[in-house]
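For reference, the structure is listed below as structure tokens.
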Amino acid sequence: NMNGYYVHIDNLNITEKENRDLYSAVASIVCEEEIYHVKNVYKSIQARMQGLFSRIGIEHYLQCYYLLHELYADQFEFCRPYMAKIGVEVMGGEEQVLAKMAKNEIVYFSEIREYAKAVGTIIDRYIEFVNRHSDAYIFMSHEAVISVEALELEENLFEELDNELERFLGDLSYRALNEFYDYWKLPKLTIPWNEWLLYSIINKYSEKFSTAVSSNVLSEAIPILTRGDVLEQDMDLSNIVKQEQVLTEDLLDLI
């Protein structure tokens, strides 16, 4: 796989010496007990193997990845676009980010961005990221997540959750969670309640209700409570945004 087209490995006509030199170059870099992004490996050996790479058409780090994987699948560990020494577990970029997060109970999204940058991956939809990993982390606020273990959450804490949500929703099909104020009726947690924490709790423990967001961009999003049979395309999200704007304007008038 040459990142756009395919070529049979034999047609590259790589000599035994070129193979040995390439292996030595890679082994001199991928030598610690850590995971290496192939982009960095490619940059490190590019000058040393410029003649070979130019001849066989290696011009991109993913082309380099597939070449190394084809030649040295038994000599290194691979998981696109990462590699490591034999015996080192190679996790994907998102899993590496989670491993870095696991060192802290509370992780801010600014830190998650730095972790992603450090391992050479991109997490561009933080709401979906948190939802995917709600077994380990949930929203603490719109700025941070908190580990489920740290909160000591148990399902029986939220046996009355759906009853409170039913009272909040009333006859509506959906409602913005920033309009929920009866947090005193919910179980007391070690952190203050807010609409994003409630959003995560609903996703984890509600048997009757679902959630949506007004935007996939976290900084712009407003979490929404919905009935299970409500489709997102049937919701007038413009009204949800306007309600948030009106609420903000009302608060400014009070200051």
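Here the gap between Cys31 and Arg227, fully extended at 0.36 nm per residue and compared with their Cα-Cα distance, gives a gain of 65.2 nm. Where the accessible area of the chain is counted over protein heavy atoms with a 1.4 Å probe, how much of it, in %, is carbon and sulfur? Percent of accessible area from carbon and sulfur atoms in the chain: 46.
Measuring with a 1.4 angstrom probe and ignoring ligands and nucleic acids, Tyr181 comes out at about 150 Å² accessible. Given Met140, Thr190, Thr121, which one lies farthest toward the positive end of the charge dipole of the range 114-208, if we put +1 on the Cβ of every Lys and Arg and -1 on the Cβ of every Asp and Glu? Of Met140, Thr190, Thr121, it is Thr121.
Annotation: extensible slack from Arg55 through Glu160 equals 31.0 nm (criterion: 0.36 nm per residue apart, minus Cα-Cα distance). Taking every alpha-carbon pair under 8 Å whose residues sit at least 6 apart, the range 1-144 reaches a relative contact order of 20 percent.
If you plug the beta carbon distance of Ile86 and Asn11 into 1/(1 + (r/R0)^6) with R0 = 30 Å, you get a FRET efficiency near 0.60. Membrane-span-like helices in the chain (whole DSSP H runs, Cα extent of at least 18 Å along the helix axis, mean Kyte-Doolittle hydropathy of at least 0.0): 237-254. Based on C-alpha pairs under 8 angstrom that are at least 6 apart in sequence, the range 84-210 has a relative contact order of 23 percent. Rounded to the nearest 20, the size of the Cβ-charge dipole of the chain about its Cα centre is 1300 debye, with Lys and Arg at +1 and Asp and Glu at -1. Once you reduce the range 79-101 and the range 21-77 to the center of their Cα atoms, the two points are 17 Å from each other. Using the Cβ-Cβ distance between Val217 and Lys100 with R0 set to 30 Å, the FRET efficiency works out to roughly 0.80.
The magnitude of the dipole of the range 26-122, with charges of +1 and -1 set on the Cβ of Lys/Arg and Asp/Glu and taken from the Cα centre, is near 440 debye. Here the extension length gained between Lys208 and Glu18 equals 62.1 nm, from 0.36 nm per residue of separation less the Cα-Cα distance. Exposed loop trypsin sites (Lys or Arg not before Pro) only (DSSP loop, at most 13 other Cβ atoms within 10 Å): please give the longest stretch of the chain free of them, not including the sites. Of all site-free stretches, the longest is 1-102. With r defined as the distance between the Cβ atoms of Glu143 and Phe78 and R0 fixed at 30 Å, what FRET efficiency is calculated, to the nearest 0.05? Efficiency for this residue pair is about 0.25. From the coordinates of this entry, Cα extents along the principal axes in Å is computed, and it appears in (i) 75, 39, 36; (ii) 148, 34, 30; (iii) 60, 43, 27 under the label (i).
Here Cys31 sits with roughly 60 square angstrom of accessible surface, probe radius 1.4 Å.
The values are calculated or read from the model by the stated rules, or taken from the named source; none is laboratory data. Note that this is a predicted model, so its numbers are computed, not measured. Positions of Cβ are generated from backbone atoms using ideal geometry, with glycine treated the same way; all protein chains shown enter the neighbour counts. Quick note on the areas: whole protein, heavy atoms, side chains included, nothing else; ligands and nucleic acids left out. Shrake-Rupley method; radii C 1.70, N 1.55, O 1.52, S 1.80 Å.
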